[in-house]
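All of the numbers you see were taken from the coordinates with simple rules; none came from a lab. Quick caveat: nothing in here was measured; it's all calculated off a predicted structure. Neighbour counts run over all protein chains shown; Cβ positions are idealised from the backbone, glycine included.
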Amino acid sequence: MSAVPLKTLDTARPQSQRSVTVLGATGSIGDSTMDLLRRGGERFRVEAVTAHSNVEALAKLAREFNVGFAAVADEARLDALREALAGTGIACGAGEAAVIEAAARPADWVMAAVSGAAGLKPALAAVDRGATVALANKECLVCAGEFFMTRAVKTGARILPADSEHNALFQALSSGNREELVRVIITASGGPFRTWTAEAIEQASLEQALKHPNWSMGQKITIDSASMMNKGLEVIEAAHLFGLTADEIDVLVHPQSIVHGMVEFSDRSVVAQLGAPDMRIPIAHCLGWPDRLPGPAARLDLAAIGQLTFEVPDLKRFPGLGLAYEALRTGGGAPTVFNAANEIAVAAFVARKIRFGMIARLVEATIEAALRDVAAAAPASADEAIAVDHVARKLAASLLPQIAAKAS
Ligand code: NDP
Ligand code: MG
């Protein structure tokens, strides 16, 4: 039969077992990754797993997958981890250095799914040895994107976007050339406050912010989704991952979370990736890359969904997204400060020290103050990024009482 030739699997390429390390194995992304590894059977071997302090879950995974090494970031939990792994022969360690050691061990593929800027150094350790790194931790790109991506080019590390929108762009981008790209569009669900008034959003409770309509995720990113700070972080993430300017990245609110990302090319074709809102889809794409794995996520039934709708984001009610664009355009240390201030603001909101509406105000005030005080250059090393991050955190913490007082 004559047919338009389709790309076929390269069966000459050996299907050897892939060794894998999962940083942040006990989290939400970690959980999805371990589920895929479990289903993948002999195709994968787990070299190392890490957590912050959840020793019970970490030891359970370490035993189940008979890993080579398990690391817990919280040093106080070392004895508990040793005890939980007694008799297994599994090596273990504690502290930041142990998490970095886990990333540095020879695994072909590393999932970087620690939450927050704490994920930067471990992810870099994997990049430094030229590994294939599935990057879920967007904060490390926001915090030190230029440096991180330059380092990956130098070491030959392959960065695979695990964040659903960026994974969608990664898939769509392959149907055209850089010169033909007009813009990319990432979608946002709009979160639980999509239809709320500014006044209601200002007063939203922690419980309300944690009720995401479509995705089940860790606490920090769920709150970031409610404030749309997550989409702001993702705009900066996309800029670094794909070398795009702020003007080449658009955001559309799409409450059904079915279309994850789109790329517009010069012939006006728009190529999109669609799928159920299940992180196992983009993670499976990274895990199988350059091939595809059979995935456990639900098949997409567009007829059952019926309608896909899109809206322009409202920057008045969700000022965090506008702040992210501003930080990206300002460049230098501004995105680093944006991320650090947001981490402090979210922690303060979770501790019920500030109202939801104050998150963006604290981030804005911190960026303003930091741009006066802190070096404006983009961090040229992990240490420089961490230093700017620390200064920004202190600044945000010091501004917190006055922001809280102004609003009350
Ligand atoms: P979770 O909070 O569910 O999990 C975070 C993981 O990192 C846990 O294993 C946690 O260990 C560990 N961890 C936390 N702090 C530290 C630290 N200081 N040092 C070392 N390890 C630490 O987060 P998510 O899985 O939701 O998110 C992980 C990353 O992926 C984030 O950057 C997020 O933005 C990104 N992401 C997440 C998505 C999602 O659907 N969840 C979607 C796209 C991106 P412990 O369990 O012991 O606390
Ligand atoms: Mg995302």
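What is the fewest-to-most order of ASP35, ASP79 by other Cβ atoms lying within 10 Å of their Cβ?
Going from sparsest to densest Cβ surroundings: ASP79, ASP35.
In vacuum, with every alpha carbon of the chain counted as one equal point scatterer, what does the Debye formula give for log10 I(q)/I(0) at q = 0.13 Å⁻¹? Two decimals, please.
-1.15
Using Cβ counts within 10 Å as a stand-in for footprinting exposure, how do ILE201, ILE29 rank, fewest first?
On the way: ILE201 22, ILE29 28.
Listed from fewest to most nearby Cβ atoms, that is ILE201, ILE29.
Over 32 Å between Cα atoms: which of LYS231/LYS394; LYS154/LYS211; LYS121/LYS316 fall into that group?
LYS154/LYS211; LYS121/LYS316
Taking the alpha-carbon set of the range 116-204, what are its Rg and Dmax in Å?
So, for the range 116-204, Rg and Dmax equal 16.8, 50 Å respectively.
Treat every Asp and Glu Cβ in the range 179-253 as -1 and every Lys and Arg Cβ as +1, leave all other atoms uncharged, and give the resulting dipole magnitude about the Cα centre to the nearest 20 debye.
360 debye
Give a quick list of trypsin sites (Lys or Arg not before Pro) in the range 195-251 that DSSP marks as loop, anything other than H, G, I, E or B, with at most 16 other Cβ atoms within 10 Å. Let's see the in-between values first.
Values: sites: LYS211, LYS220, LYS231; in loops: LYS211.
Loop-located and lightly packed - LYS211.
Treating only the Cβ of Lys, Arg, Asp and Glu as charged (+1, +1, -1, -1), what charge dipole size does the chain show about its Cα centre? Round to the nearest 20 debye.
460 debye
By the gyration tensor of its Cα atoms, with a ≥ b ≥ c the square roots of the eigenvalues, what is the shape of the range 206-310: rounded for a/c under 1.5, prolate for a/b over b/c, or oblate?
Numbers: a/c = 1.32, a/b = 1.06, b/c = 1.25.
In terms of gyration-tensor shape, rounded.
When only C-alpha pairs under 8 Å and at least 6 residues apart count, what is the relative contact order of the range 1-138, in percent?
Once normalised by length, the contact order is 24 percent.
If the viscosity is 1.002 mPa s and the temperature 20 °C, what Stokes-Einstein diffusion coefficient in µm²/s follows for the range 259-320 when Rh is the Kirkwood radius over Cα pairs?
Working: Rh = 14.5 Å.
Using the Kirkwood radius from Cα pairs, D works out to 148 µm²/s.
With +1 on the Cβ of every Lys and Arg and -1 on the Cβ of every Asp and Glu, and nothing else charged, how large is the dipole of the range 112-251 about its Cα centre, in debye rounded to the nearest 20?
The dipole of the range 112-251 has a size of about 540 debye.
Quick one: net charge around GLU96, please, counting Lys, Arg +1 and Asp, Glu -1 for every other residue with C-beta under 12 Å from its C-beta.
Summing Lys/Arg as +1 and Asp/Glu as -1 gives -2.
Just rank VAL22, VAL153, fewest to most, by other beta-carbon atoms within 10 angstrom.
VAL153, VAL22
Return a whole-number percent for the relative contact order of the chain, with Cα pairs under 8 Å and 6 or more residues apart as the contact set.
Once divided by the residue count of the chain, the mean separation gives 14 percent.
If you build the convex hull over the alpha carbons only and average its shadow over all orientations, what do you get for the range 260-408? Give it in nm² to one decimal.
Values: hull surface 54.1 nm².
For the range 260-408, the mean projected area of the Cα convex hull comes to 13.5 nm².
For every other residue with a beta carbon closer than 15 angstrom to the beta carbon of ARG18, add +1 if it is Lys or Arg and -1 if Asp or Glu, then tell me the sum.
Details: positive: ARG13, ARG38, ARG39, ARG43, ARG45, ARG105, ARG158, ARG292; negative: GLU42, GLU47, ASP108, ASP291.
Residues near ARG18 contribute +4 overall.
Cα-based Rg of the range 13-120 per 2.2 N^0.38 Å, rounded to two decimals?
So the range 13-120 has a normalised radius of gyration of 0.98.
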